[in-house]
Amino acid sequence: MGEKLVLTGNYAVAYAAKLARVDIVAAYPITPQTTIVEKIAELIESGEMDAIMINVESEHSALAATFGAAVAGARVLTATSSHGLMYMHEYLHWTSRARIPVVLALVTRTLAPGWNIWSSHDDFYGQRDTGWILSFALDNQEVLDTTIQAFKISEDPRVYLPVLVALDAFILSHTSMPVELPDEKQVAEWLGPRRQGYVVDGRELLAIGNLTWPEDTEEMVMDLWRAMEESYNVIKEVDREYGKLFGRSYGGLIQCINCSDAKYLAVAMGAWSGDLMEAVNMLREEGYSIGVLRVRFYRPFPHRDIWEYARGVKGLIVYDRAISFGAWGQLYTDTVAGLYQYTTKLPIISNVIAGVGGVNVTAEEFYELTKNFIEKIEGGEEPPRITWYHRR
Amino acid sequence: MSRPKPPLPYNMREVLQPGDAACPGCPIPMAWKVLSAVFGEKMILVIPACCSSVVVGPYPGNALKASIIHVAFASAAAVASGVAEALKRRGINDVQVIAWAGDGGTADIGMASLSGAAERNHDFIYIMYDNEAYMNTGIQRSGATPYGAWTTTTPIIGKTEHKKDVARIMIAHNVPYVATASVGYPHDLYAKLQRAKKIRGFKFIHLHAPCPVGWRFDPRYTVRIAKLAVETGLWILYEYYDGKIHLSGASRPYIDPARRKPIEEYLKYQGRFRNITPEKIEEIKRYVEMNWNWIKKHM
Ligand SMILES: Cc1ncc(C[n+]2csc(CCOP(=O)(O)OP(=O)(O)O)c2C)c(N)n1
Ligand code: SF4
Ligand SMILES: [Mg+2]
């Protein structure tokens, strides 16, 4: 058993960086990410953590410096939120296409105008096609565990891709929960020394990123795609190993609760999945056959796992905390397309957009919405495909 | 007094292998030759989007005998900060990290990241090779384009603002070393790189680099034009350290206006100044005088 501390989600990130023996952290402050940077600075200055901190002048430079340090052989971490992530966006592509292992903690926050520091998932989804492995935590323990796992996944030779670990603003970032810390030596042993596909440190002549012809470029992109496919198994493997060593694992890319016999599934991602689980418990108590499928890794998209549980169900209700304007919720779009890989006869899949801008959605509301969805279908009606759930 | 000249490799192919994509008369390989004489292969160039990204040639080749990290346009100084810190962390101290960026990547889009890296005083050399426009994208105006010059975005009346003086901006950062240099003076550049190599912390070199394509001159005249810029007093070679400007040998005579060649000598070779008016030439002269006064005040 490791040490138990009461930590905010942000401190959980900081402790994970320490446990992973990160060499270099480069970051720029933005609410609600700030306390990650502050805690790491404190850990370093107090001598608890042996790492170099680069206090850069912008997020673009935060990820650029992180990238530079990583290319030169350092284990690295950066963290940001919302507009910081938007500012970094160019470097998300740069890092994945250069196939450089990096870990980024994202405290998800709404985009402006107007200024709003509460959680939505718009910033997260804005990175959907960057070639990063994208994960989303449920609670602070998972923040810590997934961040450590992220280094293992990122530095796996079958993968060599950057990994983003998301946690919801305030709901996790600033809320204290008991978190168990694994033993530092054991973590170090498990992670091993830094691994990456190549190192530019002047010891041998190496040039990365020269002008590249279309065919070569396409092959590199295909290779990235393959690595992302490959990461599916690596994520599962890493989660299992972690479970064996440290006593906690999360079911790989998804977590499905009450799913094995369920006729209906409620799908969500992030901290509010906890409220959804509560709602589903209430529904279960009333005899409804429903389970919660929580997406833990959004890229690679866990379509196989979703299919495993969705096979034969009557309906899925997908909750999105963001919207792709002119289309649907992002998780919904992927769920529909993902299931279509396995069947042409889809169950009813509805999308509820809610919680945008940080609007709180309670377990009772999830209960009502989900119950309504099931009742409609059971009553022979077709529920609407997409609804905005908004209240004041 | 004649000092021995430092050994420079005069065979370009020792530095730049076949497969490079430089235009004839390009100033970039001229400077790389000097870099290579100082650091050999033990240098990592961090190169943002610019002509140099092309000059090294396409994947899977790499014409320059150095390690290269190509990076996004605005980020040379930030990436170099990370590389320098990682090498320090890993105890590698025989490799020179060099951010090698154009005037656009430095004076404009890269300014924030440059300023940040300078203020944090990371241990690397930043070289801004200044061909005074965005050449890679087809000769558009940059903050470092001089007054009166034609570019494709100042197509008829020429640039109406003066050149941004980046070296002075860097001096205001109180970094340990700032220098100006020119591809027309390789030995001067060599000596400056040697000095920079011995100094820990942030070093900045503003390198004047006449570009035949963008400035509209015959490719054989790159060095002549680079020299004329110095001989007319328009480009002043100096170093800044210990809180003072140290005028470089090549520029020393031109502290005396009487010894400078007329500005027109410099302008007349370049198509980009073809339509410049006498009034504008007067304005350039005023600007040159102002620069010299600043130099004299800080020597
Ligand atoms: C973010 C971004 N904006 C614009 C560009 C397009 N771009 C590439 S190189 C360049 C100009 C480079 O000018 P400079 O730094 O002076 O170098 P030069 O080409 O003159 O050597 C521009 C605008 C880019 N690559 N990235
Ligand atoms: S445009 Fe000028 S700087 Fe660019 S490669 Fe050609 S000669 Fe060199
Ligand atoms: Mg230029």
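Do you know which residues across segment A:13-48 are basic (Lys, Arg) and more than 14 Å from chain B (Cβ to nearest Cβ)?
A:Lys18, A:Lys39
Give segment B:100-112 a look and list any residue that's among the small types (Gly, Ala, Ser) and within 12 Å of ligand 1 (Cβ to nearest atom), or say none.
B:Ala101, B:Gly102, B:Gly104, B:Gly105, B:Ala107, B:Gly110
For a quick check of your reading of the model, give me the residue pairs whose first member lies in segment B:12-28 and is in contact (Cβ under 8 Å) with a residue 24 or more places away in the chain and within 16 Å of ligand 3 (Cβ to nearest atom), whose second is open to solvent by 20 Å² or more (accessible area, probe 1.4 Å) and among the aromatic types (Phe, Trp, Tyr), with beta-carbon atoms closer than 9 Å and at least 6 apart or on different chains.
Going by the 9 Å Cβ cut-off, the qualifying pairs are B:Gly25/B:Tyr221.
Only one residue in B:Arg224, B:Arg259 is within 17 Å of the chain's Cα centre (by Cα) and over 27 Å from B:Asp108 (Cβ atoms), so which one is that?
B:Arg224
More than 12 Å from chain A (Cβ to nearest Cβ), within 13 Å of ligand 2 (Cβ to nearest atom) and open to solvent by 30 Å² or more (accessible area, probe 1.4 Å): does that describe B:Pro18?
On the way: more than 12 Å from chain A (Cβ to nearest Cβ): yes; within 13 Å of ligand 2 (Cβ to nearest atom): no; open to solvent by 30 Å² or more (accessible area, probe 1.4 Å): yes.
When the stated conditions are applied, B:Pro18 does not pass them.
From the list A:Asp168, A:Asp123, A:Asp145, A:Asp156, exactly one residue is open to solvent by less than 10 Å² (accessible area, probe 1.4 Å), under 19 Å from the mean Cα position of the chain (by Cα), closer than 20 Å to A:Lys236 by Cα and charged (D, E, K, R). Which is it?
Exactly one residue qualifies, and that residue is A:Asp145.
Which of the residues belonging to segment B:124-157 are within 14 Å of another protein chain (Cβ to nearest Cβ) and either within 15 Å of ligand 2 (Cβ to nearest atom) or touching a Cys at 6+ places or on another chain (Cβ under 6 Å) (or both)? Talk me through it step by step, then tell me what you get.
Here is the first cut: in segment B:124-157, the ones within 14 Å of another protein chain (Cβ to nearest Cβ) are B:124-126, B:136.
Residue satisfying the conditions is B:Asn136 alone.
Every residue in segment A:184-200 that is in contact with a strand residue (DSSP E or B) (Cβ under 8 Å, 6 or more places away or on another chain) and either away from chain B (no Cβ under 14 Å) or open to solvent by 10 Å² or more (accessible area, probe 1.4 Å) (or both), please. Can you show your working first?
Initially, segment A:184-200 is screened for residues in contact with a strand residue (DSSP E or B) (Cβ under 8 Å, 6 or more places away or on another chain), giving A:198, A:200.
Correct list: A:Tyr198 only.
Quick one: which of A:Ala137, A:Ala112, A:Ala51 is within 13 Å of chain B (Cβ to nearest Cβ) and of a type outside the set (Ser, Thr, Tyr)?
A:Ala51
Within segment B:251-299, take every residue that is β-branched (Val, Ile, Thr) and assigned to a loop (DSSP other than H, G, I, E, B) and give me the one that is surrounded by the fewest Cβ atoms within 10 Å (Cβ to Cβ).
Among residues in segment B:251-299 that are β-branched (Val, Ile, Thr) and assigned to a loop (DSSP other than H, G, I, E, B), the one surrounded by the fewest Cβ atoms within 10 Å (Cβ to Cβ) is B:Thr277.
Restricting attention to segment A:228-285, which residues are acidic (Asp, Glu) and either in a strand (DSSP E or B) or open to solvent by less than 10 Å² (accessible area, probe 1.4 Å) (or both)? So that I can check it myself, show each step before the final result.
We begin by selecting, within segment A:228-285, every residue acidic (Asp, Glu); these are A:229-230, A:237, A:239, A:241, A:261, A:275, A:278, A:285.
Once the filter is applied, which keeps residues that are acidic (Asp, Glu) and either in a strand (DSSP E or B) or open to solvent by less than 10 Å² (accessible area, probe 1.4 Å) (or both), segment A:228-285 yields only A:Asp239.
Return the only residue of B:Leu207, B:Leu234 being open to solvent by less than 10 Å² (accessible area, probe 1.4 Å) and either in a loop (DSSP other than H, G, I, E, B) or of a type outside the set (Val, Ile, Thr) (or both).
Checking each option against the conditions leaves just B:Leu207.
Taking only segment B:63-76 into account, find how many residues are farther than 9 Å from A:Ala64 by Cα and either among the small types (Gly, Ala, Ser) or in contact (Cβ under 8 Å) with a residue 40 or more places away in the chain (or both).
Within segment B:63-76, the first condition is being farther than 9 Å from A:Ala64 by Cα, and the residues that meet it are B:63-70, B:73-74.
Within this subset, residues satisfying the condition of being either among the small types (Gly, Ala, Ser) or in contact (Cβ under 8 Å) with a residue 40 or more places away in the chain (or both) are B:63-67, B:74.
Count: 6.
Could you list all residues from segment B:82-123 that are more than 8 Å from chain A (Cβ to nearest Cβ), assigned to a helix (DSSP H, G or I) and not small (Gly, Ala, Ser)?
B:Asp103, B:Thr106, B:Asp108, B:Met111, B:Leu114
Go through (1) within 14 Å of chain B (Cβ to nearest Cβ); (2) surrounded by fewer than 20 Cβ atoms within 10 Å (Cβ to Cβ); (3) within 21 Å of A:Lys152 (Cβ to Cβ) for A:Glu3 and report which single condition fails.
(1)
Being open to solvent by 10 Å² or more (accessible area, probe 1.4 Å), over 16 Å from the mean Cα position of the chain (by Cα) and modelled with pLDDT of 95 or more is the requirement here; does A:Arg75 meet it?
Yes: the conditions hold for A:Arg75.
Is there a residue in segment A:213-227 that is facing another protein chain (nearest Cβ under 10 Å), open to solvent by less than 20 Å² (accessible area, probe 1.4 Å) and at pLDDT 95 or above?
No, because not a single residue in segment A:213-227 is facing another protein chain (nearest Cβ under 10 Å), open to solvent by less than 20 Å² (accessible area, probe 1.4 Å) and at pLDDT 95 or above.
Within segment A:265-281, can you find the residues that are hydrophobic (A, V, I, L, M, F, W, C) and within 18 Å of A:Val359 (Cβ to Cβ)?
A:Ala268, A:Met269, A:Ala271, A:Trp272, A:Leu276, A:Ala279
Conditions tested, residue by residue: (1) farther than 27 Å from A:Val221 by Cα; (2) touching a Lys or Arg at 6+ places or on another chain (Cβ under 8 Å).
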| position | (1), (2) |
| --- | --- |
| A:Leu19 | yes, no |
| A:Thr31 | yes, yes |
| A:Asn55 | yes, yes |
| A:Glu59 | no, no |
| A:Leu63 | no, no |
| A:Phe67 | no, no |
| A:Gly84 | no, no |
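Every residue, every condition in (1) part of a loop (DSSP other than H, G, I, E, B); (2) farther than 19 Å from A:Gly131 by Cβ, yes or no:
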position	(1), (2)
A:Val25	no, yes
A:Leu43	no, yes
A:Gly73	yes, yes
A:Thr78	no, no
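Working carefully through the options B:Ile245, B:Ile236, find the one that is touching a strand residue (DSSP E or B) at 6+ places or on another chain (Cβ under 6 Å) and more than 16 Å from ligand 1 (Cβ to nearest atom). Outline the logic, then answer.
Values: B:Ile236 fails: touching a strand residue (DSSP E or B) at 6+ places or on another chain (Cβ under 6 Å).
That would be B:Ile245, the only listed residue that is touching a strand residue (DSSP E or B) at 6+ places or on another chain (Cβ under 6 Å) and more than 16 Å from ligand 1 (Cβ to nearest atom).
Residues of segment B:83-113 being open to solvent by 10 Å² or more (accessible area, probe 1.4 Å) and within 16 Å of ligand 3 (Cβ to nearest atom), which ones?
Correct list: B:Asp108, B:Ile109, B:Met111.
The values are calculated or read from the model by the stated rules, or taken from the named source; none is laboratory data. Source: prediction; values computed, not measured. Here Cβ is always computed from backbone atoms with ideal geometry, including for glycine, and neighbour counts include all displayed protein chains. Each accessible area value is taken on the protein alone, full model and side chains, heavy atoms only, with ligands, DNA and RNA left out. Shrake-Rupley method; radii C 1.70, N 1.55, O 1.52, S 1.80 Å.
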